[in-house]
Amino acid sequence: MNERDGFEQRLREARTRQGLDKPSEGGKQGLPPGPMGIGFRVGVELVSALVVGIGIGLLLDRWLGTKPWLFLLFFVAGSAAGILNVYRLFNPRSGRKI
Amino acid sequence: MAAEGKAIDALSQFELAPFLGTIGESVRFSQSNAHMLLVFGLITALMIWGTAKRAIIPGRIQALAESSYEFVHELVVGQIGHEGKRYFPFVFSLFMFILFGNLLGLLPYAFTFTSHIAVTFALAMLVIVVVTIVALAIHGLHFFSYFFPEGAPKLLAPLIIPIEIISYLSRPVSLSVRLFANMVAGHVMLKVFASFVVMIGSAGALGFLGATLPLAVNVVLIGFELLVACLQAYVFAILTSIYLHDAVHLH
């Protein structure tokens, strides 16, 4: 190993690695693309939000005794949350890549 | 085992059985738990063995340990940033546990514990509880502004907040279902085509020839399953770090 070669460069790399310098953008990995993967993700996101919404609705109904109404309300909210999840999938919140 | 009678029994591979007969039965220790312990031991052995020599030119084990470490390190730092380094042990443990569980499950006679929703959902709940605690610890009560995007009209608050909360709570569900469904689907497909091999192959000389077709499919499927096993561990790890990113940076 030649110790002196590229010392400046290695120092810079080490400083970046330790967070002393500004990290360079663009090194972010994303989720692997591909039509199958995206399709499956969209499906899972939609269904899971719907399931959580329905679950909350049913639990609140049993607790408060308002049989069908909160279930219906949270069914709609769950669907909306599912759409929101799918929207977030392609347009993430804070400018990071998915 | 595969094709008793004429029915294809693809789901019995996911049944839990007591480990070591009566000993396992009395303490409720199934083969699933045994495989988790085995994975734990394998990861520990890999990391201890891999870092024991600390050679400048790494051997095979050391190269494996180092590259898995660096892979997850890159992922965590790339997603969360430099504040994310303190969460690296958490993401690394999750990644290695799921990766080894998925890969071990592909071996004959092995059990895939990641094909149980109970296991994956417990992992996902762990992730979401940790993420919420991290967010609360860093931002305090300001964390709850996460559920109401800045600049939205105040009038819409009763509409937006429940939807955002449901969206937040759906994360563990989608995280666990994704891993669980991928593992179950892969193993069921392998079993179904393996059953075809046995069923067609038992139909005489012509059947023996015909059985090569599902056998070839299974060869391809095993390769595909290797990909899925690594990919799902990666997806779990990267989604965990995306959630941690949201917790650290909030907006």
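Conditions (1) at pLDDT below 90; (2) touching a strand residue (DSSP E or B) at 6+ places or on another chain (Cβ under 9 Å); (3) within 18 Å of B:Ile128 (Cβ to Cβ); (4) of a type in the set (D, E, K, R), marked per residue:
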| residue | (1), (2), (3), (4) |
| --- | --- |
| B:Ala152 | yes, no, no, no |
| B:Pro172 | no, no, yes, no |
| B:Gly204 | yes, no, no, no |
| B:Phe224 | no, no, no, no |
| B:Leu227 | no, no, no, no |
| B:Leu250 | yes, no, yes, no |
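Against the definition (in contact with a strand residue (DSSP E or B) (Cβ under 9 Å, 6 or more places away or on another chain) and hydrophobic (A, V, I, L, M, F, W, C)), how does B:Phe97 come out, yes or no?
Taking the combined requirement at face value, the residue does not satisfy it.
Could you tell me whether any residue of the stretch B:213-229 is farther than 28 Å from B:Ile80 by Cα, acidic (Asp, Glu) and part of a helix (DSSP H, G or I)?
Taking every residue of the stretch B:213-229 in turn, at least one turns out to be farther than 28 Å from B:Ile80 by Cα, acidic (Asp, Glu) and part of a helix (DSSP H, G or I).
List every residue pair whose Cβ atoms lie under 7 Å apart, where the two residues are 6 or more positions apart in sequence or sit on different chains, the first residue falls within the stretch B:67-93 and is within 11 Å of another protein chain (Cβ to nearest Cβ), and the second residue, located anywhere, is polar (S, T, N, Q).
B:Leu75/A:Gln29; B:Leu75/B:Ser241; B:Val76/B:Ser241; B:Gly78/A:Gln29; B:Gln79/B:Ser241; B:Ile80/B:Ser241; B:Gly84/B:Ser241
Only one residue in B:Ile56, B:Ile61, B:Ile8, B:Ile23 is of a type outside the set (Phe, Trp, Tyr), at pLDDT below 90 and under 30 Å from B:Ala203 (Cα atoms). Which one?
Of B:Ile56, B:Ile61, B:Ile8, B:Ile23, the one residue that is of a type outside the set (Phe, Trp, Tyr), at pLDDT below 90 and under 30 Å from B:Ala203 (Cα atoms) is B:Ile8.
Going through the stretch B:39-54 one residue at a time, which ones are of a type outside the set (Val, Ile, Thr), in contact with a helix residue (DSSP H, G or I) (Cβ under 7 Å, 6 or more places away or on another chain) and assigned to a helix (DSSP H, G or I)?
Once the filter is applied, which keeps residues that are of a type outside the set (Val, Ile, Thr), in contact with a helix residue (DSSP H, G or I) (Cβ under 7 Å, 6 or more places away or on another chain) and assigned to a helix (DSSP H, G or I), the stretch B:39-54 yields B:Leu42, B:Leu46, B:Met47, B:Trp49, B:Gly50.
So B:Tyr146 clears everything in (1) within 14 Å of chain A (Cβ to nearest Cβ); (2) modelled with pLDDT of 90 or more except one condition, right? Which one?
The number of the failed condition is (2).
The values are calculated or read from the model by the stated rules, or taken from the named source; none is laboratory data. Owing to the predicted nature of the structure, the values given are computational and were not obtained by experimental measurement. Positions of Cβ are backbone-derived with ideal geometry, glycine not excepted, and every protein chain shown enters the neighbour counts.
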